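The values are calculated or read from the model by the stated rules, or taken from the named source; none is laboratory data. Remember, it's a predicted structure, so these values are computed and weren't measured experimentally. Every residue, glycine as well, gets a Cβ built from its backbone with ideal geometry; the counts of neighbours run over all protein chains shown.
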């Protein structure tokens with residue numbers, strides 16, 4: 001079982017608030033990813049990082065931003081939350097050599113009122 | 001962009017039955033992955049396939065990497081209640097370094 005942790009698991013918060021979703025992994029993986037997933041639907045890549053100080057936007061446009069200051073930590077921030085941001089956010093990581101499968105955290109279910 | 005066609009979208013089966021689902025793409029893939037997601041949790045990797053024609057088992061689960069490199073299937077034998085969930089295929093395109101593309105999922109429900 002992969003060691004990747006997301007907090008909080010659930011967050012209900014009002015419009016306009018600044019939010020940071022935390023993701024940490026203890027496997028020393030260089031590559032980390034954020035996906036957005038509506039309940040029961042497919043996963044959409046919104047950000048990824050191939051190492052410290054490296055971040056890229058994914059296939060789905062998102063108003064969120066990410067940072068990668070430490071290998072093990074890949075937080076996602078929404079400066080001003082809106083109801084349209086309501087979704088589940090999944091973090092994943094993978095090893096660096098060749099292609100290695102991504103391992104996922106349990107997600108943060110975000111509801112913006 | 002590239003999409004994976006995963007079918008069926010949902011299945012209702014009797015406990016003890018075998019299950020089959022598949023994924024197809026329009027481009028060649030280097031790797032196929034199968035994940036299972038339970039409600040309120042993240043996807044968990046079930047099987048990874050790295051070579052065309054590869055057939056790999058994990059307990060009652062068997063998956064194959066299609067010879068054309070454009071499809072994969074997952075079989076579950078003798079289904080049990082804990083098999084309920086959403087199964088996602090995912091693939092790494094030949095032209096991509098590490099990003100993977102996910103199918104839209106197959107929701108499996110079991111009648112006891």
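Which of (1) more than 20 Å from residue B:88 (Cβ to Cβ); (2) free of Cβ contacts under 8 Å to residues at least 12 places away in the same chain does residue A:41 not meet, given it meets every other one?
Every listed condition holds for residue A:41 apart from (1).
Out of all the residues in the stretch A:86-113, which are more than 21 Å from residue A:27 (Cβ to Cβ) and either surrounded by fewer than 19 Cβ atoms within 10 Å (Cβ to Cβ) or under 13 Å from the mean Cα position of the chain (by Cα) (or both)?
A:86, A:87, A:88, A:109, A:110, A:111, A:113
Any residue in the stretch A:62-78 that is surrounded by fewer than 12 Cβ atoms within 10 Å (Cβ to Cβ) and either at pLDDT below 95 or farther than 25 Å from residue A:97 by Cβ (or both)?
The answer is no; no qualifying residue exists.
What's the total number of residues in the stretch A:30-57 that are surrounded by fewer than 17 Cβ atoms within 10 Å (Cβ to Cβ) and farther than 16 Å from residue A:96 by Cα?
Number satisfying all stated conditions: 6.
Where residues in the stretch B:80-107 are loosely packed, with under 15 Cβ neighbours inside 10 Å and closer than 20 Å to residue B:66 by Cα, which of them is modelled with the highest pLDDT?
B:94
So if I check each of B:51, B:70, B:36, which one is under 15 Å from the mean Cα position of the chain (by Cα) and closer than 17 Å to residue A:101 by Cα?
On the way: B:51 fails: under 15 Å from the mean Cα position of the chain (by Cα); B:70 fails: closer than 17 Å to residue A:101 by Cα.
After applying the criteria, what remains is B:36.
I need a count of the residues in the stretch B:49-67 that are over 11 Å from residue B:30 (Cα atoms) and surrounded by fewer than 14 Cβ atoms within 10 Å (Cβ to Cβ).
Within the stretch B:49-67, residues that are over 11 Å from residue B:30 (Cα atoms) and surrounded by fewer than 14 Cβ atoms within 10 Å (Cβ to Cβ) number 6.
Assess whether residue B:66 counts as being over 27 Å from residue A:6 (Cβ atoms) and more than 10 Å from chain A (Cβ to nearest Cβ).
Numbers: over 27 Å from residue A:6 (Cβ atoms): yes; more than 10 Å from chain A (Cβ to nearest Cβ): yes.
Spelling it out, residue B:66 is indeed over 27 Å from residue A:6 (Cβ atoms) and more than 10 Å from chain A (Cβ to nearest Cβ).
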